[in-house]
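To start, the structure under review is shown below, and the notes come after it.
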Amino acid sequence: MEKYRIAGGNRLHGEVEISGAKNAAVAIIPAALMVDGICRIENLPQISDTVTLLHILESLGAGVKMINPSTVEIDSRHATWKGADYDRMRKIRASYYLVGAMLSRFGVARTTMPGGCNFGVRPIDQHVKGMNALGATVDVTDYIDAKAIHGRLRGAEIYLDKVSVGATMNIILAATLAEGRTIIENAAREPHIVDLANFLNSMGADVRGAGTDTVKINGVDRLHGGTYAIIPDQIEAGTYMAATAACGGEVLITNVIPKHLDCISAKLREMGVTVEEYPESVLVRSSGRLRRANVKTLPYPGFPTDMQPQMGVALAVADGTSVITEGVWDNRYKYVNQLRKMGAQFQVDGRVAVVEGVERLHGATVEACDLRAGAALVIAGLCADGVTTVEDIEYIERGYQDLVGKLQALGADIRIVDEPEHSERLNANAG
Ligand code: EPZ
């Protein structure tokens, strides 16, 4: 079983290049299914979620050709909605984007219920509401089966009851090849929504207003091939910013859009970290001694929930008492139990966590319980005294390209070790 072994205490120094945005890529790959031509996607992050999605597209009959590790060409001209690799679909959350894309392209969709990170109930009622409004029946069992009643979807006005990234993107996908105009009100505004719209528009779609809370989609008859580069990953960049803040040091984070990092930069400055912005990079400088702060996560442009655990670690070693309020998910504090093993002091009550900063964390064996929780535990290990072992790293590898290599280049003492599980070790000793 592969794990990360981290000897903590090193400051981080140097330069790290950010990869393409995971949460844009996982919608853009399914969108490629709708393109009647060859679609070239650049700046694709090399993570297990994108590999899984590319395999799923192949199982649907699309041609998938890696031009280099971060560029893929997808030819979906001969794809069908049948034959999908359902075992792979079950592993990822973003499989729900295949519903919108398949309905748009084929008028029919069949996917599994989404898998992925588990932090409480993750309903899809807003996705279903959107598909229904566009004229599709949706049956949710172990699978999601959807069908356009009239063969092709029809544009509609949809007011989302909840600001949902996934529902906004899924409805955009479904409406792109629908007949007529769709308006999504109370839409989410995350950078990856703008990126999906830009991708679709570059292939001939007519999506307007992405990045605001009203998105208008004029359905088109077909999308043509083209080339598109995915935006840099806001959360990967934020993770290196939080790591530098907690460990101390000076790191230039390149291939970023600084505007997307504004709320993270502002919070870190409040905590005593220097963040300098350049056109496509940010320089983060930290003494390693941080000031307390309160963090409340909200949909974009608020502080991202996907940075809450990483920032939680920085606050765990800050001077004073901080309050974190999770404004998006019901249960995103699972990492706290693991952090407590390292000496962190958190009190959690529902969506609120009160963090008493400690001078130092100490090494321990901890489990990554989801992607960002895993990233947070890596940061904790990097700034702790002694050795930390992070288990269940497959969660982390779903969303961070070459985390170990990038951290090593910054001077961190982190490596992958392959060790049997505890019970296997005992058996081996007994033998
Ligand atoms: C996306 O999840 C991201 N995943 C998540 O990132 C991220 O945490 C989340 O957006 C919020 O920013 C992907 O892009 C693949 P939502 P998504 O629909 O789309 C409720 C990561 O670590 N809701 O915006 O599933 C829901 O329960 C991952 O990279 C409904 O009530 O999130 C939540 O409270 C983890 N009904 C809130 O809305 C619905 O139909 C926001 O969820 C849909 C959502």
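The values are calculated or read from the model by the stated rules, or taken from the named source; none is laboratory data. Fair warning: this is a prediction, and the values are worked out from it, not measured in the lab. Cβ coordinates were reconstructed from backbone atoms using ideal geometry, including for glycine residues, and neighbour counts include every protein chain displayed. Just the protein is used for accessible areas: all its heavy atoms, side chains included, with ligands, DNA and RNA removed. Shrake-Rupley method; radii C 1.70, N 1.55, O 1.52, S 1.80 Å.
For residue 239, are the conditions met, namely being surrounded by 21 or more Cβ atoms within 10 Å (Cβ to Cβ), farther than 23 Å from residue 412 by Cβ and among the β-branched types (Val, Ile, Thr)? Answer is no for this residue. Out of (1) near the ligand (Cβ under 8 Å from one of its atoms); (2) surrounded by 24 or more Cβ atoms within 10 Å (Cβ to Cβ), what's the single condition that is false for residue 126? That leaves (2) as the condition not met.
Scan segment 74-104 for residues that are touching a Cys at 6+ places or on another chain (Cβ under 9 Å) and within 16 Å of the ligand (Cβ to nearest atom) and jot them down. Show your work before the answer.
Step one: filter segment 74-104 for residues touching a Cys at 6+ places or on another chain (Cβ under 9 Å), giving 74-76, 93.
The answer is 93, and nothing else.
In the set (1) more than 30 Å from residue 53 (Cα to Cα); (2) modelled with pLDDT under 95, residue 345 fails one condition alone, (2).
Restricting attention to segment 383-404, the residues that are farther than 21 Å from residue 19 by Cα and away from the ligand (no atom under 16 Å from the Cβ) add up to 9.
Listed here are the strands (runs of 3 or more DSSP E) enclosed by segment 246-320 that have at least 3 residues being open to solvent by less than 20 Å² (accessible area, probe 1.4 Å) and in the same structural domain as residue 409 (by TED's automatic domain parsing): 249-254, 281-286.
Looking across 6, 74, one residue alone is of a type outside the set (S, T, N, Q) and within 30 Å of residue 414 (Cα to Cα). It is 6.
Yes/no matrix, rows are residues, columns are (1) in contact (Cβ under 8 Å) with a residue 40 or more places away in the chain; (2) within 15 Å of the ligand (Cβ to nearest atom):
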{"residue": "352", "(1), (2)": "no, no"}
{"residue": "363", "(1), (2)": "yes, no"}
{"residue": "372", "(1), (2)": "yes, yes"}
{"residue": "375", "(1), (2)": "yes, yes"}
{"residue": "380", "(1), (2)": "yes, no"}
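If the condition is being open to solvent by 10 Å² or more (accessible area, probe 1.4 Å) and of a type in the set (A, V, I, L, M), then segment 192-206 contributes 194, 205. Name every residue in segment 362-416 that is outside any strand (DSSP E or B), out of contact with any Pro (no Cβ under 7 Å at 6 or more places or on another chain), among the aliphatic types (A, V, I, L, M) and over 20 Å from residue 26 (Cβ atoms), in order of residue number. Within segment 362-416, 364, 377, 378, 379, 380, 382, 384, 404, 407, 409, 410, 412 meet the criteria. Out of all the residues in segment 108-122, is one or more within 9 Å of the ligand (Cβ to nearest atom), of a type in the set (A, V, I, L, M) and either touching a Cys at 6+ places or on another chain (Cβ under 7 Å) or at pLDDT 95 or above (or both)? Within segment 108-122, not a single residue is within 9 Å of the ligand (Cβ to nearest atom), of a type in the set (A, V, I, L, M) and either touching a Cys at 6+ places or on another chain (Cβ under 7 Å) or at pLDDT 95 or above (or both). Does residue 332 meet the test of being part of a loop (DSSP other than H, G, I, E, B) and either among the β-branched types (Val, Ile, Thr) or open to solvent by 20 Å² or more (accessible area, probe 1.4 Å) (or both)? No; evaluated as a whole, the condition is false for this residue.
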